[in-house]
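The values are calculated or read from the model by the stated rules, or taken from the named source; none is laboratory data. Keep in mind it's a predicted model, so treat the numbers as computed, not measured. A quick note on method: Cβ atoms are made from the backbone with ideal geometry, for glycine too, and the neighbour counts reach across all protein chains shown. Just so you know, the surface numbers come from the protein's heavy atoms only, side chains and all, with ligands and any DNA or RNA stripped out. Shrake-Rupley method; radii C 1.70, N 1.55, O 1.52, S 1.80 Å.
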Amino acid sequence: MPPKTNPSVSPLVFVVDDDASVAGSTARFIRSQGMRAEAFLSGEDLLNSGRAAEASCLILDLRMPNMDGLELQQRLKEIRSAIPVIFFSAQASREEEEQALRSGAVAFLRKPVSREDLLRAIHMAVERTD
């Protein structure tokens, strides 16, 4: 299902990655596909924004300082369990990937992530919120 193109109703994707260039470029790519996207540089930034519940889906880096993606996933479940989560990581162990998926992640992608795989995962995640 293609993304909706009306900005007032298009999916809102939050990207959380401590690498500003990855967070920014991922958000720009998502916007280029007709969706809304915002980047956060840490889980704390997202939680402190008070906007987590607005997201159609979240794209989370696994390895971040202070609060890693798995901890953020757990904290978000406590706030609003229905937010679909997509993990992406360059250095995850098989156990971390399995834990993320057992905890409800829609997908676990390995960096570098192909645009096609990322879009497929976003569409899958957004369909869960429709």
Charge dipole magnitude, Cβ of K and R +1, D and E -1 - the chain, Cα centre, debye nearest 20: 440 debye
Carbon + sulfur, % of accessible area of the chain - ligands and nucleic acids excluded, 1.4 Å: 47 percent
Per residue, in Å², the accessible surface of the chain once ligands and nucleic acids are set aside, probe 1.4 Å: 51 Å²
Other-chain or far-sequence residues with amide H under 5 Å of A107's (modelled H): F87
Derived scalar couplings ³J(HN,Hα) [the stretch 87-92; Karplus, 6.51 cos²θ - 1.76 cosθ + 1.60; whole Hz; x for Gly, Pro]: 9, 9, 7, 9, 10, 6
Structure-based [θ]222 nm, the chain - -39500 (n - 2.57) summed over DSSP H runs of at least 4, per residue, nearest 500: -13000 deg cm²/dmol
Positive-end residue of A100, P11, Q74, charge dipole of the chain with Cβ unit charges: P11
Amide H contacts of A39 (H built 1.01 Å from N, under 5 Å, at least 5 apart or other chain): V15
Rounded to whole Hz, the Karplus (6.51, -1.76, 1.60) HN-Hα couplings of the stretch 51-62, x for glycine and proline: 10, 3, 5, 6, 6, 7, 6, 10, 10, 10, 6, 6
Phi-based couplings in Hz for the stretch 18-28 (Karplus 6.51, -1.76, 1.60; Gly and Pro marked x): 6, 8, 4, 5, 5, 4, x, 5, 5, 4, 4
Where a label projected 7 Å from the Cα of D45 along Cα→Cβ would reach, residues of the stretch 61-86 with amide N under 17 Å: 61-70, 72-73
Nearest-ten-degree value, helix 115-129 long axis tilted from longest Cα axis of the chain: 80 degrees
Farthest toward positive dipole pole in the chain [+1 Lys/Arg, -1 Asp/Glu at C-beta], among L62, S89, A125: A125
